[in-house]
Amino acid sequence: VQLQASGGGLVQAGGSLRLSCAARGHTFTGYRTGWFRQALGKEREFVAGMIWSAGTTTYADSVKGRFTISRDSAKRTVYLQMNSLKPEDTAVYYCAARTYSTASYAQPTTYDYWGQGTLVTVSS
């Protein structure tokens with residue numbers, strides 16, 4: 001599965017951005033998808049995830065109520081709508097996917113496929 005992420009950019013605090021992650025050559029059916037982020041000097045952390053077939057979503061506490069993960073099956077794309085952005089949301093954002101696993105969905109090492117990353121910068 002090849003993942004292509006896009007949509008990052010520079011935004012002021014309080015603003016919004018929508019990230020996209022398209023699957024190339026495959027569908028997300030049977031996969032769990034996730035968005036992670038990595039700020040400078042920090043470890044990669046879980047942001048949001050979705051079990052594609054069921055549409056079940058999970059979020060990190062730090063983004064609950066501000067970020068929304070969604071999908072478009074026809075476009076084989078998963079989105080991350082980010083509202084009320086804060087400077088601490090500044091990071092490179094990555095989309096990821098894995099097949100079914102009982103491992104923690106928040107652990108980046110459990111994901112098999114990764115997009116190239118897209119930079120989100122939130123200015124104060």
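Of note:
- Integer Hz, Karplus 6.51/-1.76/1.60 couplings in order for the range 81-88, x for Gly and Pro: 8, 10, 10, 6, 5, 10, x, 6
- Sulfur and carbon atoms: percent of accessible area, the range 1-107 [1.4 Å]: 47 percent
- Cut-off under 5 Å, modelled amide H: who pairs with R71 long-range: Y79
- For the range 90-114 versus the range 12-62, the spacing of their alpha-carbon centroids is 8 Å.
- Working note: Karplus 6.51/-1.76/1.60 with θ = phi - 60° gives the range 7-24 the couplings x, x, x, 9, 9, 7, 4, x, x, 9, 9, 10, 9, 10, 9, 9, 8, 9 Hz, where Gly and Pro are set to x.
- Seen from A103, the other residues with C-beta closer than 12 Å to its C-beta sum to a net charge of +1, counting Lys and Arg as +1 and Asp and Glu as -1.
- Using a cutoff of 8 angstrom between alpha carbon atoms and counting only pairs six or more residues apart, the relative contact order for the chain works out to 35 percent.
- Local electrostatic count, T33, Cβ distance below 9 Å [Lys/Arg +1, Asp/Glu -1]: +3
- Taking all protein chains into account, the per residue accessible area for the range 1-123 stands at 50 Å² (1.4 Å probe).
- Listed by chain and number, the lysines whose C-alpha is less than 16 Å from the C-alpha of K64, apart from same-chain residues fewer than 8 away, are K86.
- Amide H contacts of G15 (H built 1.01 Å from N, under 5 Å, at least 5 apart or other chain): L85
The values are calculated or read from the model by the stated rules, or taken from the named source; none is laboratory data. The model shown is predicted, which means the values in this text are computed figures rather than measured ones. All Cβ positions, glycine included, derive from the backbone under ideal geometry; neighbour counts span all protein chains shown. Keep in mind that these areas ignore ligands, DNA and RNA; they rest on the heavy atoms of the full protein, side chains included. Shrake-Rupley method; radii C 1.70, N 1.55, O 1.52, S 1.80 Å.
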